1. Based on the alpha carbon coordinates of region 4-116, what radius of gyration and maximum Cα-Cα distance (Dmax) apply, in Å?
2. Expressed as a rounded percentage, what relative contact order does region 1-74 have, with Cα pairs under 8 Å and six or more residues apart?
3. Beta carbons within 10 angstrom, averaged per residue: use that to sort the peptides 45-55, 87-97, 62-72, 17-27, highest first.
4. Treat each spin label as a single point 7 Å out from the Cα along the C-beta direction, and report the LYS15 to GLN108 distance in nm.
Amino acid sequence: MTPPAERLKTIPNAKPGLHTVVEHVLHLPELCPASHNPAPGSTLTLRYVAGERLLELFSLDSYIDAFIAHPVVRDMELFVQTVAQDAANAAGVEVTACADVRLNRVRQGQRVTVVAVPDADRQMEGEGETPGPAAEYGGP
């Protein structure tokens with residue numbers, strides 16, 4: 001299985017000198033085959049001030065899909081933490097990830113917010129580069 005972080009790609013920012021805030025609103029698929037969570041309508045928003053690189057749209061979908069029935073990333077808190085850190089490493093800037101989760105089998109929803117800064121030893125440089133071997137399951 002390909003580690004999720006290897007699916008996350010970037011593209012060059014054509015105007016890095018302009019203050020640009022980017023928000024990706026991702027509609028989450030069912031990630032857990034046992035609980036069927038998150039429920040339909042759940043979203044994950046990634047927000048960052050663009051630097052030299054931008055997160056590539058199509059790879060974000062593939063990246064999120066890599067967590068479906070993932071053997072290690074099993075809860076929403078770890079999922080959001082992992083996505084925030086991987087996105088920060090890829091884009092090379094601070095990323096805020098906020099999941100607005102609807103849950104099955106409980107009478108509650110969940111909002112998880114994580115702020116991640118790039119790890120110096122895992123920050124990805126350039127389009128399509130992947131982190132080093134320390135990212136054994138695609139996350140922090």
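1. My reading of the Cα-based Rg and Dmax gives 14.2, 48 Å.
2. Dividing the mean separation by the residue count of region 1-74 yields 43 percent.
3. Details: 45-55: 17.8, 87-97: 23.2, 62-72: 15.3, 17-27: 11.5.
Top of the packing list down: 87-97, 45-55, 62-72, 17-27.
4. With each label point 7 Å from Cα toward Cβ, the separation is 4.4 nm.
Values in this text are rule-based calculations from the coordinates and carry no lab data. Keep in mind it's a predicted model, so treat the numbers as computed, not measured. Glycine also receives a Cβ, built like all others from the backbone with ideal geometry; neighbour counts cover every protein chain displayed.
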